[in-house]
1. Could you say whether any residue in the stretch 22-30 is exposed (fewer than 13 other Cβ atoms within 10 Å of the Cβ), among the hydroxyl-bearing types (Ser, Thr, Tyr) and closer than 20 Å to residue 104 by Cα?
2. Hey, residue 101 hits all of (1) exposed (fewer than 14 other Cβ atoms within 10 Å of the Cβ); (2) more than 21 Å from residue 145 (Cα to Cα) but one; which does it fall short on?
3. In the stretch 119-138, is there at least one residue being of a type outside the set (Gly, Ala, Ser), without any contact (Cβ under 8 Å) to a residue 24 or more places away in the chain and not in a helix (DSSP H, G or I)?
4. If you check residue 113 against the conditions, is it of a type in the set (S, T, N, Q), in contact with a Gly (Cβ under 8 Å, 6 or more places away or on another chain) and either part of a helix (DSSP H, G or I) or surrounded by fewer than 17 Cβ atoms within 10 Å (Cβ to Cβ) (or both)?
5. Inside the stretch 73-106, can you point out the residues that are touching a Pro at 6+ places or on another chain (Cβ under 9 Å) and farther than 14 Å from residue 36 by Cβ?
6. So, in the stretch 41-86, exactly how many residues are surrounded by 14 or more Cβ atoms within 10 Å (Cβ to Cβ), of a type in the set (Gly, Ala, Ser) and farther than 30 Å from residue 128 by Cβ?
7. Which of the residues belonging to the stretch 121-142 are among the β-branched types (Val, Ile, Thr) and surrounded by 20 or more Cβ atoms within 10 Å (Cβ to Cβ)?
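Laboratory data are not the source of any read-out in this text; all were calculated from the coordinates shown. Note that the structure is a prediction, hence the values are computed from the model and not measured. In this analysis, Cβ positions are derived from the backbone assuming ideal geometry, glycine residues included, and neighbour counts consider all displayed protein chains.
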Amino acid sequence: MSRTTTFDEFLSSDAVVALHSADAPALPETLRVVDGTAMTDLAGVYSQFATAWAFPDYFGRNKDAFDDCMRDLAGSPLITEITDAQRLLLDEPRQLRWFAAALEFYAHSYRAQEPAVRFAVVLSAPADLRATVARRWRAVDVEPILLGD
């Protein structure tokens, strides 16, 4: 498993993806929350993020439109928690690579702004499924930071 850190340390780092046990105490930051059980395919990802981040009504529900909306978020920090992350893109597993790369791209774009804005995603999963979630993300070249209890 990856290194363990606190949520505050994660926010201070350049890491984009963290893994949190759903059985652990709640995270100390107000996050936008999306439901992994509703995100087993790209349509679900689009819908959940559109609702959580209040995408405009004209959001086209495709990768290009998603990229446009995700690069135009307001606020700081821009942190999204994906609950039941073990379900994320299970029906379209090849799309996880795109999604992971997109998250890295958004984080880089927000870091380059003046002033820099923190963008990250916290994957929450039951303790007994965290290793499975971490393996899926490692398979797409992302090493999630493990958040300690």
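1. no
2. (2)
3. Within the stretch 119-138, none of the residues are of a type outside the set (Gly, Ala, Ser), without any contact (Cβ under 8 Å) to a residue 24 or more places away in the chain and not in a helix (DSSP H, G or I).
4. Working: of a type in the set (S, T, N, Q): yes; in contact with a Gly (Cβ under 8 Å, 6 or more places away or on another chain): no; either part of a helix (DSSP H, G or I) or surrounded by fewer than 17 Cβ atoms within 10 Å (Cβ to Cβ) (or both): yes.
Spelling it out, it is not the case that residue 113 is of a type in the set (S, T, N, Q), in contact with a Gly (Cβ under 8 Å, 6 or more places away or on another chain) and either part of a helix (DSSP H, G or I) or surrounded by fewer than 17 Cβ atoms within 10 Å (Cβ to Cβ) (or both).
5. 76
6. The number of residues fulfilling the criteria is 2.
7. Applying the first criterion (among the β-branched types (Val, Ile, Thr)) to the stretch 121-142 yields 121-122, 132-133, 140, 142.
Selection gives 121, 122, 133, 142.
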